[in-house]
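Below is one structure, written out as structure tokens; comments come after it.
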Amino acid sequence: MIIKASLATLAILAFTGSLGADQPARLPEPAARAVDFHKDILAILSNSCAKCHAGGKQKGGFSIDTRESLIKGGESGAAVVPGKSAESRLIALVGGLEPDAIMPAQGPRLSAEQVGLLRAWIDQGLPWEVGFTFKKTRSAPLEPRQVAVPAAGPGSNLSNPIDLILELYFVSAGVTPTDVVDDRTFLRRVYLDLIGILPAPDEVDTFLDDRDPAKRALVVGKLLSNSQPFNQQYAIHWLTFWNDALRNDYRGTGYIDGGRLQITDWLAKSLVENLPYDQFVRQLIAPTPESAGFVKGIVWRGVVNASQVPPVQAAQNISQVFLGINLKCASCHDSFINDWKLTDAYGLASIFSDGPLEIHRCDQPTGKFAPMQFLYPQLGSIDDNAPQADRLNQLAAVMTAPGNGRLARTIVNRLWARLLGRGLVEPVDEMDNPAWNQDLLDFLANDLVEHGYDLKHTIQRIATSRAYQLAATSAAQSEREEFVFRGPEVKRMSAEQFVDAVSGLLDIEYEKAVVKPAALAVPTDAVAKRAGARAALVHADPLLGALGRSNREQVVTDRPKLATTLQALELTNGTPLSTLLEKGAKKWSESAAEPAPLIEQIYRRALLRSPTAAESEVAREILGAPVAPDGAEDLLWALIMLPEFQLIY
Amino acid sequence: MNMNQRASNWNRRDFLRTASAATLSALAAGDARQILAAEEEKLRATADTVIVLWMGGGMAATETFDPKRHTPYEKGLDPDRVLSTFPAIDTAVDTIKFSEGLERTAAVMNRGTLIRSYTAGDLGFILHSRHQYHWHTGYAPPQTVAAPHIGSVVARTLGPLNPAVPAFIDIGQRFDVGEGEELKAFHQAGFLGSEYGPFLIPQADQAAASVRPPHGMPPGRFENRYQNYKKLVAQSPIGQHGSDHQKESLLRSLDNAHRLLSSPAAKAFDLSLEPKEIYDRYNTGQFGLGCLLARRLTEVGARFIEVTTEYIPFKNWDTHDNGHTRLVDMKAMMDPPISQLVLDLEARGLLNRTLIVLASEFSRDMMTEGRPDQQVKNQVEVPKVIEELKYYGMHRHFTAAGCVLMFGGGVKPGFLYGKTADERPCKTIENRVVIEDLHATIYRALGISPKLAYEVERRPFYVTRDGLGKPIVDVFA
């Protein structure tokens, strides 16, 4: 029987002790100190309540998953009155005031001290760890999954499996994709996406004149071929992507006293040779001296937080980069944002450690140690007793085991995001989130593995799809709750793409390269010369920094998408760009005395097209007649500030 | 002059049109989500602007704002006898003494609060930039996410005071003078996004160039260049295809930049507009001019300004030798401009809403490296007997007590907080203040809760470590 009397009455009765001998004892007093949700409360909730009321379970309609649901209570009304524990039903139940409904219903009753803590917690306003929830988070399947690629519909000329999969998607989602872009837009996009630079005007002409219906696929093939200069340009372009992800920079914290190593030479060679991705990953996890920088991490002198010692950095970074797993929270305490536990993080970190790695919880030693183990032990075991080098080889093998579908899914998703502006899974570092098209993700992952982990193959697969060739859509769309794919998103040039495009337009080397990997020896032919020193190979400076080049103190897998005021200031009056423009304008203005041909050439180099009549008129006004260097400088500035120049449509 | 008067100094129209643009840009930038603790009291701000005067390199407390027994130099000194190498002087407050050489600042002590019990982070090894990172972000490096500078947190949380002035301005630090990478690691907005990063003015006397058209470009041409640009945008075939998010963001950012550069507030950056007599009063070098620039920027509505004496390894406050003689120079450099800044802000009616915070990453001592109960590896040799003047001074890095001097912004006038031992080790013995409490105090003055958090990677990042900072309520009037 459920007692219907009001809780307040009950509480008074309990305190006065006026009921019979078998009546409940009075409530314990609230603890007389400030309670800490994490230290004092979480254990009580986890041990005594969670089994029936958390993680999606809500016996009696009552869930403690969130602070809100806990207060709200269940079928019999509010469970808690914040600030008033004596009036809170939760306390009445755990305090035994309702003999027929004592909580927990199973297991031992709460001690007086525990009830006192819960009372104090409620009296103090129910402080809750921001973001904490008992809700189970989604775990994406680990295994690879074969996808039956649908056959082309009647009358369809689609053949790329990406398009065949998406054809079904468009129909079932009731979505009409955007139209395929024109040749000029396509060529600009594919050059920037695949090799990071603009095509030269003659390359544009040749492409536009080409009547071969397969010309788009052919140009993709050319850009991804291992012939020069394209292979080198490809390597330099993707070097930036991997420098960000593997936080490889040419200067930065840690280098001051040997606490950090570059992997630039190794990385450049891997890209030039298109090292299969599984080998790439293995060489980063079980490194040679040339590739050791990534798992070595960044070491600052002095005592660092236990969650940032090098083996823990390594565990966090390989999880994030290779698997899209956030292990950062779990490196300090059992994670609130996913299901990873402190022991999972230390199990992985210990593999990298020279000696035993004591588990620290929130920077406090626990006296405990975690058995060495990969996050997914089903993929293979690590021998605790083996020397470190052997363990790292075992870990590398487990990471690249055929059963680890997540490794391939994570990288193909990153490539898709690079080329189409948004991942199949977002954010790209949270691969437990659902994909907007699981079939496509699984297909691309298998396709990569079946082609020997050849990343260029996947890039080619994507770049030759019709999906890739669709007209770009506004990024604002992706902020809607339910993402719908209609076509790629408009992308912003990266800092490196912008600077390379500008120095190409001005025919001036931006800065001297500060790294000279042997694999990127500068070729001599004319086309390659344009790619001589590229921004990927120079130190970060105020211009590159303002345009979003990350400082690589942390792993970065996504650059800021939108423009900022500080960045616009740098573009408007910053010294690096002004100096470059001044020099470049001098060259341009000396190349032609007449405005018309000059305008034509500048437009073709910058925007890959001729100016319209209206544009010519404005440009002529800017240039002056005869052409003044100042005029040329201002025209060049205006053109490179245009959205048409800075964005990838 | 009060706040309303200050507002009238700005061009109202300029203010309004820039305000809407700045707000839009913040909304569109995909900012880190703000998380407030569930029951948050509404805090009343006592300051609108913060000026941090940064004594980079380790300012010895016993040689500046916490003098102890003076031991004059003589050959054959036992270093352990030496606590202060300067005599103490009176200040405008009977109970507070300063060290000789700070007479002018002493004369304005009745406008401020002195904290003597700041206890620096215990980071196991003394590395200036690491402790500076800790001071400026509240977190010890490295961190799993890019921790923002306190100026960026303020910029993100409160936005610009006058939208035509960057919200966070950092004056006086160059990054090519040693430990530059370590310094860059905290001179940034981190995960909050570069919109909130510092507007860097490495040299105060060059500030005007940072808000002028590019070198050699007359203002008329600069304005034409932008007008013509807008014509080309309108003519661009892409421009005629309607709008997209990225394009809007790009155009808006350029618009903001041009508004800022053509705003009347931009004149505040130009020190040549200051009357010569006043300029000379401040001009003890880059730091003095930085203080003048800070005053001018405060007048036009800057939100967060930091002026540094500049950290250069083994230079300025980083006294590994000749501590006594070098401090004579350092004091001569800081004393006139700091006192002038206080007086000028007061005369303009701005001091009561401007919080000045003078601080350093740690203090110095002749004997102890680190702290008495946890010494770390000595980095400076101290002879058993001092036979040369170069050994006379506080050369080791001391973390167990240090001074923070505050003026205006709601702090008590003529107030002393915290106490240190009068004999070595001169450590904190009363009212210990740690960085999260000092940050909480600065945030409190600005009306920001120490429990405020921003979401990054789905977890909260608190503006004071774990939301634990407790403002020192005693220092507020």
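Annotations for the structure displayed:
- Every residue from the stretch A:483-517 that is of a type outside the set (Asp, Glu), farther than 13 Å from A:LEU537 by Cα and outside any loop (DSSP other than H, G, I, E, B): A:LYS491, A:ARG492, A:PHE498, A:ALA501, A:VAL502, A:SER503, A:GLY504, A:LEU505, A:LEU506
- Only one of the listed residues (B:GLU457, B:GLU381) is within 14 Å of another protein chain (Cβ to nearest Cβ) and among the acidic types (Asp, Glu). That residue is B:GLU457.
- The listed residue being surrounded by fewer than 24 Cβ atoms within 10 Å (Cβ to Cβ) and either under 23 Å from B:HIS136 (Cα atoms) or of a type in the set (Phe, Trp, Tyr) (or both), out of B:GLY285, B:GLY301, B:GLY290: B:GLY301
- Filtering the stretch A:271-286 to residues that are in a loop (DSSP other than H, G, I, E, B) and either among the acidic types (Asp, Glu) or without any contact (Cβ under 8 Å) to a residue 40 or more places away in the chain (or both) leaves A:GLU273, A:LEU275.
- Total residues in the stretch A:167-207, condition free of Cβ contacts under 8 Å to residues at least 12 places away in the same chain, farther than 17 Å from A:PHE645 by Cα and not in a helix (DSSP H, G or I): 1
- Filter pass, A:PRO626 being buried (at least 21 other Cβ atoms within 10 Å of the Cβ) and not polar (S, T, N, Q): no
- Per the listing A:LEU623, A:LEU608, the residue uniquely within 40 Å of the chain's Cα centre (by Cα) and within 13 Å of another protein chain (Cβ to nearest Cβ) is A:LEU608.
- Candidates B:ALA189, B:ALA185, B:ALA204, filtered to the one that is surrounded by 23 or more Cβ atoms within 10 Å (Cβ to Cβ), within 19 Å of the chain's Cα centre (by Cα) and within 7 Å of another protein chain (Cβ to nearest Cβ): B:ALA185
- Of residues in the stretch A:568-594 being more than 14 Å from chain B (Cβ to nearest Cβ) and buried (at least 21 other Cβ atoms within 10 Å of the Cβ), the one farthest from A:ASP630 (Cα to Cα): A:TRP588
- Of all residue pairs spaced 6 or more apart or on separate chains, those with beta-carbon atoms under 8 Å, a first member in the stretch A:288-303 that is assigned to a loop (DSSP other than H, G, I, E, B) and a second member that is among the hydroxyl-bearing types (Ser, Thr, Tyr) are A:ILE298/A:THR253; A:TRP300/A:THR253.
- Residue within the stretch B:441-451 that is aromatic (Phe, Trp, Tyr) and at pLDDT below 95 present: no
- Qualifying positions in the stretch B:179-218 - free of Cβ contacts under 8 Å to residues at least 24 places away in the same chain, under 28 Å from B:LYS267 (Cβ atoms) and in a helix (DSSP H, G or I): B:SER194, B:GLN206, B:ALA209
- Of all residues in the stretch A:395-413 being touching a residue at least 24 places away in the same chain (Cβ under 8 Å) and outside any helix (DSSP H, G or I), the one that is nearest to A:PHE352 (Cα to Cα): A:THR400
- Taken over the stretch A:498-516, the residue count meeting the criterion of being within 14 Å of another protein chain (Cβ to nearest Cβ) and at pLDDT 95 or above is 1.
- Positions within the stretch B:293-311 being in a helix (DSSP H, G or I) and within 25 Å of B:GLY180 (Cα to Cα), in sequence order: B:LEU293, B:ALA294
- Residue that is of a type in the set (Lys, Arg), closer than 22 Å to A:ASN338 by Cα and either outside any helix (DSSP H, G or I) or within 14 Å of chain B (Cβ to nearest Cβ) (or both), where the choices are A:LYS51, A:LYS135: A:LYS135
- Of all the residues in the stretch A:249-271, those that are surrounded by 18 or more Cβ atoms within 10 Å (Cβ to Cβ) and within 14 Å of chain B (Cβ to nearest Cβ) number 7.
- If you go through the stretch B:382-403 and keep only what is crowded, with 24+ Cβ neighbours inside 10 Å and of a type in the set (A, V, I, L, M), you end up with B:MET394, B:ALA400, B:ALA401.
- The condition of being more than 14 Å from chain B (Cβ to nearest Cβ) and touching a residue at least 60 places away in the same chain (Cβ under 8 Å) holds for only one of A:LEU357, A:LEU392, that being A:LEU392.
- Scoring A:ASN338 on the criteria (1) touching a residue at least 40 places away in the same chain (Cβ under 8 Å); (2) within 24 Å of B:ARG130 (Cβ to Cβ); (3) of a type outside the set (Phe, Trp, Tyr) leaves a single failure, condition (2).
- Candidates B:VAL177, B:VAL145, B:VAL154: the one that is β-branched (Val, Ile, Thr), more than 26 Å from B:VAL376 (Cβ to Cβ) and more than 11 Å from chain A (Cβ to nearest Cβ) is B:VAL154.
- In the stretch B:103-137, of all residues being basic (Lys, Arg) and away from chain A (no Cβ under 14 Å), the one that is farthest from the chain's Cα centre (by Cα) corresponds to B:ARG104.
- Top-ranked residue in the stretch A:208-265 [being in a loop (DSSP other than H, G, I, E, B) and of a type in the set (D, E, K, R); ranked as nearest to the chain's Cα centre (by Cα)]: A:ARG247
- When the residues of the stretch A:520-540 are filtered to those that are in a loop (DSSP other than H, G, I, E, B) and crowded, with 19+ Cβ neighbours inside 10 Å, the one that is modelled with the lowest pLDDT is A:ALA531.
- Filtered residues of the stretch A:559-580 (kept if in contact (Cβ under 8 Å) with a residue 60 or more places away in the chain and either within 18 Å of B:TYR196 (Cα to Cα) or among the small types (Gly, Ala, Ser) (or both)): A:ARG559, A:LYS561, A:LEU562, A:ALA563, A:LEU571
- Sole residue being crowded, with 16+ Cβ neighbours inside 10 Å, within 13 Å of chain B (Cβ to nearest Cβ) and in contact with a Phe, Trp or Tyr (Cβ under 7 Å, 6 or more places away or on another chain), chosen from A:GLY297, A:GLY302: A:GLY302
The values are calculated or read from the model by the stated rules, or taken from the named source; none is laboratory data. This one's a predicted model, so the numbers in the text were calculated from it and none came from an experiment. With ideal geometry, Cβ positions are generated from the backbone for all residues, glycine too; neighbour counts draw on all protein chains shown.
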